[in-house]
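Beneath this line is the structure, given in structure tokens, with notes to follow.
The values are calculated or read from the model by the stated rules, or taken from the named source; none is laboratory data. Since the structure is predicted, the reported quantities are computational estimates derived from the model, not experimental observations. Cβ sites come from the backbone with ideal geometry, for glycine too, and all protein chains shown count toward neighbours.
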Amino acid sequence: MRQGEAVRFVIEIDVSDVDAFRSLVEEAVAISRDEPGTLVYDWYLNDDTGKCTLYEAYESFEALGLHIQGRVFTELGPKFMEVCKFVHVDAFGEPPPGADGGPTIAPTTWWGAPFAAVSG
């Protein structure tokens, strides 16, 4: 993976039904584990506050596209919307044409590629 190809996301989520949310996340992780190009798909949840952070990384926008077209979005996505709200997305990596200002699950800040890095 070259640094310029990688794309990473940190997503803030407010959860209204923690038990249902946990079940959906377990399904999403099981699906994503086998998706080509998925490098990181880690969920962090504070059960007391219902605040969640998802950290995900893909080796390329092609790999991200496979994730978006896959079962996590098509089957589980509507169920997620019933038990949580996606609050904000921080996206790291050069956005593909049309990504900045295109459809998103929440307001998104594109940070672009790192100006200095150890990774990749």
Identify all residues within the range 23-43 that are buried (at least 17 other Cβ atoms within 10 Å of the Cβ) and closer than 13 Å to VAL83 by Cβ; write none if there are none. LEU24, VAL25, ALA28
Check on THR74, assigned to a helix (DSSP H, G or I), of a type in the set (Ser, Thr, Tyr) and either touching a residue at least 60 places away in the same chain (Cβ under 8 Å) or within 18 Å of LEU24 (Cα to Cα) (or both): yes
Against the condition modelled with pLDDT of 95 or more, part of a loop (DSSP other than H, G, I, E, B) and of a type in the set (S, T, N, Q), how does THR53 come out, does it pass? no
In the range 2-43, what count of residues is obtained for those that are over 12 Å from the mean Cα position of the chain (by Cα) and at negative phi? 24
Output the number of residues of the range 58-76 satisfying the condition of being closer than 13 Å to ALA20 by Cα and within 12 Å of the chain's Cα centre (by Cα). 0
If the requirement is being of a type in the set (Gly, Ala, Ser), at pLDDT 95 or above and surrounded by 13 or more Cβ atoms within 10 Å (Cβ to Cβ), which of these qualifies: ALA20, ALA91? ALA20
Being touching a residue at least 60 places away in the same chain (Cβ under 8 Å), out of contact with any helix residue (DSSP H, G or I) (no Cβ under 9 Å at 6 or more places or on another chain) and either among the basic types (Lys, Arg) or surrounded by 16 or more Cβ atoms within 10 Å (Cβ to Cβ) (or both) narrows VAL10, VAL15 down to just VAL10
